[in-house]
Amino acid sequence: MSQSADQSRQSLAALAVAAVGVVYGDIGTSPLYTMKEAFHGAHAMEVSPANVLGVLSLIFWSLIIVVSVKYVVFIMRADNKGEGGIMALMALVQRATTGESRARWLLMTLGIFGAALFYGDGMITPAISVLSAVEGLEVATPALKPYVIPISLVVLVGLFLFQRHGTAKVGALFGPVMLLWFATLGLLGTLSIVRHPDVLAAVNPWYAVAFFVQHGVAGMIVLGAVVLAVTGGEALYADMGHFGKRPIR
């Protein structure tokens, strides 16, 4: 292997690790509160084997269809000279439509609406993600419940103070952390599957269909909780300009 090819592989590996830390940081924590929201609260489902498999099937196929197919295969192809995100889409719309056509006006309005949603997501998602992660301490020991919000505030302030150093340093720091996080999730998941192998039945999409057939409108409400599992998937496209398509894919 030539030296240039070796350097190219090392560069790709480094960018991929950084992308794991930045791009997949949000979606890597989102499923934490998905199951909790589906089986707790005002519209909670009864905890039964059929309902658990139904919700798990919805989560699994949402991740496959929305993240792997929609974003990775299709949306990441709509880049603006390597850049992604709502602003890149608006630039593409401007080039694709000319004059003062109604279609141009409508598409630009949708783009502005999408940008507003993006800014709202940027304010809400970090707080929800960090708070949900820190709430794990309360599960470990209820004595830590009074410290959940203060710890969350300290983490958020620390993250935003560090963020000013740039994406490269953030990715270099959080990449290995997220790799450890995903490895831990994989290990715990494997051990749980060994104990309860019947949970693999959720891969069958019929359980998701049967869940809707059985619960009707209530099933659609639970789908609102399932959507939480894919929050953060938009970062695959929005942060494409930082890392490129290959490292993210």
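Using the Cα gyration tensor of region 29-139, with a ≥ b ≥ c the square roots of its eigenvalues, what is the shape: rounded (a/c below 1.5), prolate (a/b larger than b/c) or oblate (neither)? Prolate. Helices in the chain that qualify as membrane-span-like (whole DSSP H runs, Cα extent of at least 30 Å along the helix axis, mean Kyte-Doolittle hydropathy of 1.0 or higher) are 102-140, 167-195. Gain on full extension, evaluated as 0.36 nm per residue between Thr184 and Glu138 minus their Cα-Cα distance, stands at 14.6 nm. Region 69-125 and region 135-163 have Cα centres separated by 35 Å. Shape summary of region 89-211, radius of gyration then Dmax from alpha carbon positions: 21.8, 63 Å.
For a straight C-alpha distance cut-off of 15 angstrom, the aspartates and glutamates reachable from Lys36 (same-chain residues fewer than eight places away being disregarded) are Glu46, Glu135, Glu138. Think of a 1.4 Å ball rolled over the protein heavy atoms: region 1-76 then has 53 Å² of accessible area per residue.
Each stretch of four or more DSSP H residues adds -39500 (n - 2.57); spread over every residue of the chain, this sum gives -22000 deg cm²/dmol at 222 nm.
Taking a ≥ b ≥ c as the square roots of the Cα gyration tensor eigenvalues, with a/c under 1.5 meaning rounded and otherwise prolate when a/b beats b/c, else oblate, which class fits region 173-242? Taking the square roots of the gyration eigenvalues as a ≥ b ≥ c, region 173-242 is oblate.
Projecting the Cα atoms of Ala201, Ile86, Trp61 onto the dipole axis of the chain, where Lys and Arg carry +1 and Asp and Glu carry -1 at the beta carbon, places Ile86 farthest toward the positive end. Each part reduced to its alpha carbon centroid, region 9-25 and region 164-234 end up 20 Å apart. Which of rounded, prolate, oblate describes region 22-65, given a ≥ b ≥ c as roots of the alpha-carbon gyration tensor eigenvalues and a/c under 1.5 marking rounded, otherwise prolate only if a/b is larger than b/c? Oblate. Under a Gaussian network description of the chain, with springs only between Cα atoms under 10 Å, the residue in Val194, Val134, Val69 that fluctuates furthest is Val194.
Element breakdown for the chain at a 1.4 angstrom probe: carbon and sulfur atoms account for 70% of the accessible area. With the simple model of a label 7 Å out from the Cα in the direction of the Cβ, Arg102 to Tyr119 spans 2.9 nm.
The values are calculated or read from the model by the stated rules, or taken from the named source; none is laboratory data. All figures in this text were calculated on a predicted structure; none of them were measured in a lab. For neighbour counting, all protein chains shown are included, and Cβ atoms are generated from backbone atoms with ideal geometry for every residue, glycine included. Each accessible area value is taken on the protein alone, full model and side chains, heavy atoms only, with ligands, DNA and RNA left out. Shrake-Rupley method; radii C 1.70, N 1.55, O 1.52, S 1.80 Å.
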